[in-house]
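To keep things clear, I will list the structure first and then write my remarks on it.
The values are calculated or read from the model by the stated rules, or taken from the named source; none is laboratory data. Nothing here was measured: the structure is a model prediction, and the numbers come from that model. Using ideal geometry, Cβ is built from the backbone for each residue, glycine included, and neighbour counts are taken over all protein chains shown. For accessibility, only protein heavy atoms count, side chains too; no ligands or nucleic acids. Shrake-Rupley method; radii C 1.70, N 1.55, O 1.52, S 1.80 Å.
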Amino acid sequence: MQRSDAENARRASRGQSRKVQSDASQTRRNTSPDMSAPLLLIVEDELAIQELIVFVCEAEGFRTTRAGSIAEARSALAAERPDLILLDRMLPDRPGEEWLRELRSDAKTADVPVIILTARGNESDRVAGLDAGADDYVVKPFSPRELVARVKVVLARTMPKTQEGGESFVF
C-alpha cells in the first residue's frame, strides 16, 4: 500500500515535532527569513499537521506564524497581518468558518486570502466553505506539494504588484 505525500511527510516530521514545544501557539520562523517573503498564518489544532505545513511552507521560502485556536489566531493577526491564512475548519474553540465570516466582514481583514483545510470533503461542505469566503478549500489528507502550489496561486492572484508590473515576491 502506498502512502500519500502528506503521510510520508507527517511520519518524517514526527521526530522534528518532538523537538518543538507542544504549545500550538508557538511562533517559529526561518533562522534567517527573507522579510519580504509572504507571511502565512497557519491555524491548525493538530500539532503534527501544523508542523508538516510549517515545514513545507518554510522550505518554499515563506515566513510562518501558527495558532492552534481562533483565540490564538486573533492574537497573531493583531501582532502582524499575514499575506494568507491557512484555516482549519474544525477548531477547539470555534468553527473556522465562523471566524472567516468575521474576517470578511471587517474592512481591515476582508481582503486577506484564506484557504480552508479540513477533513470534511463532501460537496456541501466545500460549497459552504467557499460561500463563507474562502479563496480555496483543501481536503485532508492533502499533498504538501499541492498545498504549496495552491498557496502560490492564491498569493500570485492577490498580492500587490511592483511598479514594473511583476510580482513583489518571486515564487
Distance between modelled label sites at residue 78 and residue 98, nm, 7 Å Cα→Cβ extension: 1.9 nm
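What accessible area per residue, rounded to a whole number of Å², is obtained for the range 110-160 using a probe radius of 1.4 Å? Could you put the intermediate results ahead of the total?
On the way: 2350 Å² over 51 residues.
Per-residue value: 46 Å².
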Sum of side-chain charges, residue 95 neighbourhood, beta-carbon under 13 Å (Lys, Arg +1; Asp, Glu -1): -3
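Using a 1.4 Å probe on the protein chains only, how many percent of the accessible area of the range 32-98 belongs to carbon and sulfur?
The C+S portion of the solvent-accessible surface of the range 32-98 is 53 percent.
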